[in-house]
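Nothing in this text is a laboratory measurement; each read-out follows from the coordinates by a stated rule. Predicted, not measured: the structure shown is a model, and the values here were computed from it. Positions of Cβ are backbone-derived with ideal geometry, glycine not excepted, and every protein chain shown enters the neighbour counts.
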Amino acid sequence: MSEQTTDTAVGTETHSFEAEVSRLLHLMVHAVYSNKEIFLRELISNAADACEKLRHEALTNSELVKDDASYKITLSSDGTAGTLTVADNGIGMGKEELIDNLGTIARSGTRAFLDQLAANNGTDGSALIGQFGIGFYSAFMVADQVEVVSRRAGSSEAWRWSSDGMGSYEIAPASDEDALPRGTKIVLHLKEDEKAFADSQTIRRVVREYSAHVPVPIRLMSFNEEANAIDEEDLTDGSALWTKSKSDITEEQYKEFYQYNAGQFDDPALTIHYRAEGRTEYNVLAFVPEHKPFDLFDPNRKGRLKLYVRRVFITDDANIVPAYLRFVRGVVDSEDIPLNISREMLQDNPILNAIGKGVTNRILSELEKFAKNDEEKFSSVWDAFGPVIKEGLYEDPERRDQLFKLVRFNTTKGDNRTLADYVADLKENQTAIYYALGDSKDGILASPQLEGYQAREVEVLLLSDAVDAFWVQTALGYDGKSFKSISQGAADLDTIEKPKSEDDAAKDEEEKAKEQGAVAELVTFVKETLGDAVSDVRISSRLATSPVCIVAPDYGPDRQFEKLMRSQKGTDAALKPILEVNPDHSLILMLAEQLKAASDKAAIEDGAHLLLDQALILDGEHPANPAVFASRLSKVMMSGLK
Ligand code: ADP
Ligand code: MG
């Protein structure tokens, strides 16, 4: 433990720091860490803890606070002397406590920090400081001399602890003039290049950023040279908005808090504020913004809920809710998590996991309620964050059904349709939920594969967000109906009645049968002609106005999804498509007739190739061989002009 020498004349003892503290301090003193300002958060959090401890002790011993039952933290800056003082009227420390708390490593978080440092032998410790925040010793990042004068509440004696952080500290009795009536005052003699921390503007900013909601009011006293007087200013009032009851908070206060907390300028579209009680206790104040932030699709997908423990800010890195709710802003304040928990330990902390589950469920149910109560406002939230929420459909299968209640679709029937709307409007004999993937709604609406569905008034989901291709592959279905791509496999539209066109009605049965026979022959011919280029040629029920289209085989990915995967992997080995032919289209009927009559089939062979190329182009692809395509097209055009 610490060695000790006593200078009896003035009662000053010199102790050396525990070896590990020395190591830590060496790091602090030489830290090249850019986020040094967190030292103030640490000192304020200690000051607030000290007040909370006394608040607790005074519950059973009111004598301790008989002179002053209010709690406060006072920051005083002196630009001339280059000092910053953090004072509290909390529990204070006696001599032994000063030695134990400020000379050894008692704190679990600091221990974990050192373990981590040992584990990554050779890594830059300064990078770890920010993750752990390592408490009191972080003062040595900005100060080359630190004095702590403390009086334990109810005690007549006071002690002064001081150190330059270089291996030892001194401890001596403090005079009554020097010490506060109770509590602790920490004087930082700022390093030459850290004097900015004696500047009231800097202090104000750092306090607002990290300590705006500590449960003890913070006052700033700064020396005003011009007026030769001390300016006093209350930086915070010590009340955390989220701990107040809803009825005591105005819309305006919620909005201010949201804007400050999120650094946003819009209004919250939805405010969720509640207290969870029971096995885990926590307060939640969360907001769904009106507008998308610019970094919503950043690859790190970082969550925006800040974790507090008993009103003290811990981290905004805890990812309390799943990434698909990363647009939700605000605060979760736990009563049960230990204050000194490190980020590593937070990762699979069972309390935090339980909180995360609870908060996620609550956010989803509040969104559902919101969607019911204010359709219009919800739809603008959906426009902003829908593509993010949809990530949950494949990342969080357990909550998929809950998420399906929120999801809004553009469909061939209109915008803002829910799956419940869709299922309520199913056609007779329709057993699947049809979807079409594409880059844009208009692009999808122009695709020939859609025609047969449109002709039968079968609703089709128009999926144009990048994430759609993923969830729709994994979602098993909704309300017992599976999701089915309109550009894959058989259309199975035959059982769904199609309103008869005048053309159809005019033709008699015999004529119809003859036509069908001719088209069947054409299909066989086209298939032989195209050979390996397609996996099949068949008659289609999904077309109405276009002569042909291509679709993906039954087994395998949807064409759009396959295209996406191809572009990501940089390969071009597409699955061979199926060419589908519209048996009612005049071009097809004419070709079929020609095939019967003509002895020279060359023109029909050209026709077969052009049909496939046309279908490929309609699908956003290139003809298999553009040069051959162009020369065939020219040939056909010339014959038309003769
Ligand atoms: P932690 O706050 O995580 O315990 P710190 O390094 O920040 O770790 O502080 C170490 C200990 O020093 C605290 O646990 C507390 O007992 C004591 N301490 C620090 N600052 C104060 C203060 N202002 N008043 C009373 N005790 C304090
Ligand atoms: Mg601390």
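The C-alpha atoms of the chain define a longest principal axis, and helix 251-262 lies at about 90 degrees to it. Summary of packing: across the peptides 479-487, 303-311, the per-residue average of other C-beta atoms within 10 Å ranks them, highest first, as 303-311, 479-487. Residue ranges 584-591, 611-618 sort as 611-618, 584-591 when ordered by packing (mean number of other C-beta atoms within 10 Å per residue, highest first). By the helix-only formula, in which each DSSP H run with n ≥ 4 contributes -39500 (n - 2.57) and the sum is divided by residues, the chain has a 222 nm mean residue ellipticity of -11500 deg cm²/dmol.
Projecting the Cα positions of Ile337, Ser365, Ile351 onto the charge dipole of the stretch 323-400 (unit charges on Cβ atoms of Lys, Arg, Asp and Glu, taken about the Cα centre) puts Ser365 furthest along the positive direction. With the Cα gyration tensor of the chain giving a ≥ b ≥ c as the square roots of its eigenvalues, does the rule (a/c under 1.5 for rounded; else a/b larger than b/c for prolate; else oblate) give rounded, prolate or oblate? Cα axes put the chain in the prolate bin.
From the residues Met166, Leu117, Ile550, which one has its Cα farthest along the dipole of the chain in the positive direction, the dipole being from +1 and -1 charges on Cβ of Lys/Arg and Asp/Glu about the Cα centre? Value: Ile550. Compared with the dominant principal axis of the Cα atoms in the chain, helix 200-211 is inclined by about 60°. Given +1 at the Cβ of Lys and Arg, -1 at the Cβ of Asp and Glu and no other charges, the dipole of the chain around its Cα centre is 960 debye to the nearest 20.
Placing +1 on the Cβ of every Lys and Arg and -1 on the Cβ of every Asp and Glu, with nothing else charged, gives the stretch 292-366 a dipole about its Cα centre of roughly 240 debye. The His30 and Asn300 beta-carbon pair, evaluated with R₀ = 41 Å, returns a calculated FRET efficiency of approximately 0.90. FRET efficiency for the Met638 to Lys441 pair, using the beta carbon distance and R₀ = 41 Å, is estimated at 0.60.
Where a ≥ b ≥ c are the square roots of the eigenvalues of the C-alpha gyration tensor, would you call the stretch 30-81 rounded, which needs a/c under 1.5, or, failing that, prolate if a/b is larger than b/c, or oblate?
Oblate, since a/c reaches 1.5 and b/c is not below a/b.
Counting only alpha carbon atoms, the long axis of helix 509-530 and the longest principal axis of the chain meet at about 60°. Among beta bridges from DSSP that stay inside the chain, the antiparallel ones total about 75%. Remark: spin-label model distance Gln473-Asp508 equals 5.4 nm, labels positioned 7 Å along the Cα→Cβ axis. Using the Karplus relation 6.51 cos²θ - 1.76 cosθ + 1.60 with θ = phi - 60°, the per-residue 3J(HN,Hα) values for the stretch 426-437 come to 4, 6, 4, 6, 7, 10, 10, 9, 8, 9, 10, 9 Hz, with x marking Gly and Pro. The modelled label-to-label distance between Leu59 and Lys498, using points 7 Å beyond Cα along the C-beta direction, is 7.6 nm. Between Asp267 and Tyr394, the modelled labels are 3.7 nm apart [label points 7 Å from Cα along Cα→Cβ]. Positive contributions from Lys and Arg (+1) and negative ones from Asp and Glu (-1), summed over other residues with Cβ under 9 Å from the Cβ of Arg219, come out at -2. Placing unit charges on the Cβ atoms of the charged side chains and taking the dipole of the chain about its Cα centre, the candidate lying farthest along the positive direction among Thr236, Asn410, Ser485 is Ser485.
Where a ≥ b ≥ c are the square roots of the eigenvalues of the C-alpha gyration tensor, would you call the stretch 441-495 rounded, which needs a/c under 1.5, or, failing that, prolate if a/b is larger than b/c, or oblate? Oblate.
The charge dipole of the stretch 184-303, taken about the Cα centre with unit charges on the Cβ atoms of Lys, Arg (+1) and Asp, Glu (-1), comes to about 640 debye, rounded to the nearest 20.
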